[in-house]
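These notes concern the structure reproduced below.
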Amino acid sequence: MATVKRTTTVGDLFIEFGNKEIEIYRIAPDGSGALKRVDDIQGTIREIAEEVGFERDYNISYRQYVARLIQHINGLESKKDYK
């Protein structure tokens, strides 16, 4: 099976969704490109979803929900509707 990674950036956060886990990193504000891993994944995902107006669908798995959230954010980015 092929490895699929989805990524997006929201503000100072970088979200990476791989085959095994969801990882979120905070991007250093000094422009160095350094990343610091965020420990509270579910809380951060909830905050991001609320910020972009994406509601939780309890009929799908959490992983599917996060994948769709990333697609939603990337769609907003491509439309330039998101700040």
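The values are calculated or read from the model by the stated rules, or taken from the named source; none is laboratory data. Since the structure is predicted, the reported quantities are computational estimates derived from the model, not experimental observations. Here the Cβ is made from the backbone with ideal geometry for all residues, glycine too, and neighbour counts use every protein chain on show. Note: areas computed on protein heavy atoms with side chains; ligands, DNA, RNA excluded. Shrake-Rupley method; radii C 1.70, N 1.55, O 1.52, S 1.80 Å.
Which of the residues belonging to segment 12-46 are in a loop (DSSP other than H, G, I, E, B), closer than 15 Å to residue 70 by Cβ and free of Cβ contacts under 8 Å to residues at least 12 places away in the same chain? Within segment 12-46, just 21 meets the criteria.
Out of segment 58-70, which residues are over 14 Å from residue 16 (Cα atoms) and either hydroxyl-bearing (Ser, Thr, Tyr) or open to solvent by 60 Å² or more (accessible area, probe 1.4 Å) (or both)?
Scanning segment 58-70 gives 58, 59, 61, 62.
Of the residues that make up segment 51-66, is at least one among the charged types (D, E, K, R) and within 21 Å of residue 5 (Cβ to Cβ)? Within segment 51-66, one or more residues are among the charged types (D, E, K, R) and within 21 Å of residue 5 (Cβ to Cβ). Could we say that residue 73 is out of contact with any Pro (no Cβ under 7 Å at 6 or more places or on another chain) and either open to solvent by 90 Å² or more (accessible area, probe 1.4 Å) or modelled with pLDDT of 90 or more (or both) here? No; evaluated as a whole, the condition is false for this residue. For segment 35-51, the set of residues classified as over 11 Å from the mean Cα position of the chain (by Cα), of a type outside the set (Asp, Glu) and either under 22 Å from residue 75 (Cβ atoms) or open to solvent by less than 50 Å² (accessible area, probe 1.4 Å) (or both) consists of 38, 43, listed by residue number.
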